[in-house]
Amino acid sequence: MSTTPSTPTTGTAPTLWTTVESPLGELLLTGVESASAPGGVALASLTMEGQRGAPDPRGMRRDPAAFAAVARQLRAYFAGELTVFDLEFTESGSAFQRRVWDALAGIPYGATRSYGELAEQLGVPREGLRALGAAIGANPLLVVRPCHRVIGADGSMRGYAGGVERKRRLLEAEGALQPTLY
C-alpha cells in the first residue's frame, strides 16, 4: 500500500470530515487540508458506524470535495477494481504503533498474516504480543491500512474495531476467505 504521511500535519487534530457509503455501512472520514495537494486532504481516520473510539466530527468542517480522491479510491476498492491505496495520511501514534502500522500496509491484498507472523516480522518477543494487538487495534485508518488482514494462527477471526463480521466480509471480498454460507 502506498502511503504518503504528511509531515506538516503531525500531531494536528483533524479539521475536516465527511461520510462515504460502503457495503460495510457508512464510513466516517476525518483529515486535515493537504500541504502537498491543494484542495485535497491528508486522511487522519477512517471509522465505521458503531465503532468505539470513533472521532466526533462536531467542531470540524464537513467538506466532501476535499475527500473526493479518498472516496473514489474506496469505491474502486469495494468494486474490486483497486488493490492498493495511494493516499496521503497524517502521522499519528507512537513510534511502536507506526512500526506496526507500516507492517500492516505491507500485507498484500488477498493475503493474511497471523499475529505471531507479524510479531516475528517485527522482532516483537512473545511477551510483546499484547502490545502488538493493542497497536493493531489502535489503527485509525480501517480498510486503507489493512488491519483486517491480521488473523489468529488457527485462521480464526480475532477482534476488529469495525466488528468481526465486517472483517470477515472484507477478507471474503479480497478472496482471502471463502464466503460463509448461512
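General remarks:
- Condition check for L46: in a helix (DSSP H, G or I) and buried (at least 17 other Cβ atoms within 10 Å of the Cβ): no
- The lone criterion from (1) of a type in the set (S, T, N, Q); (2) assigned to a loop (DSSP other than H, G, I, E, B); (3) modelled with pLDDT of 95 or more left unmet by T19 is number (2).
- Of residues in segment 49-63 being touching a Leu at 6+ places or on another chain (Cβ under 9 Å) and farther than 30 Å from E165 by Cβ, the one most open to solvent (accessible area, probe 1.4 Å): R61
- Filtered residue count, segment 98-120, keeping only those that are open to solvent by 20 Å² or more (accessible area, probe 1.4 Å), touching a residue at least 40 places away in the same chain (Cβ under 8 Å) and touching a strand residue (DSSP E or B) at 6+ places or on another chain (Cβ under 8 Å): 2
- For segment 24-43, the count of residues that are open to solvent by 40 Å² or more (accessible area, probe 1.4 Å), at pLDDT 95 or above and either part of a helix (DSSP H, G or I) or within 22 Å of C147 (Cβ to Cβ) (or both) is at least one.
- Residue check, L129 modelled with pLDDT of 95 or more and either of a type outside the set (S, T, N, Q) or surrounded by fewer than 21 Cβ atoms within 10 Å (Cβ to Cβ) (or both): no
- In segment 72-97, residue most open to solvent (accessible area, probe 1.4 Å) [restricted to those that are closer than 20 Å to E26 by Cα, in a loop (DSSP other than H, G, I, E, B) and touching a residue at least 40 places away in the same chain (Cβ under 8 Å)]: G80
- Only one of the listed residues (G155, G162) is open to solvent by less than 60 Å² (accessible area, probe 1.4 Å), farther than 18 Å from A95 by Cα, in contact with an Asp or Glu (Cβ under 9 Å, 6 or more places away or on another chain) and part of a loop (DSSP other than H, G, I, E, B). That residue is G162.
The values are calculated or read from the model by the stated rules, or taken from the named source; none is laboratory data. Keep in mind that this is a model prediction, so the values were computed, not measured. Counting neighbours? That spans all protein chains shown, and the Cβs are built from the backbone with ideal geometry, glycine included. All accessible areas refer to the heavy atoms of the entire protein, side chains included, with ligands and DNA or RNA removed. Shrake-Rupley method; radii C 1.70, N 1.55, O 1.52, S 1.80 Å.
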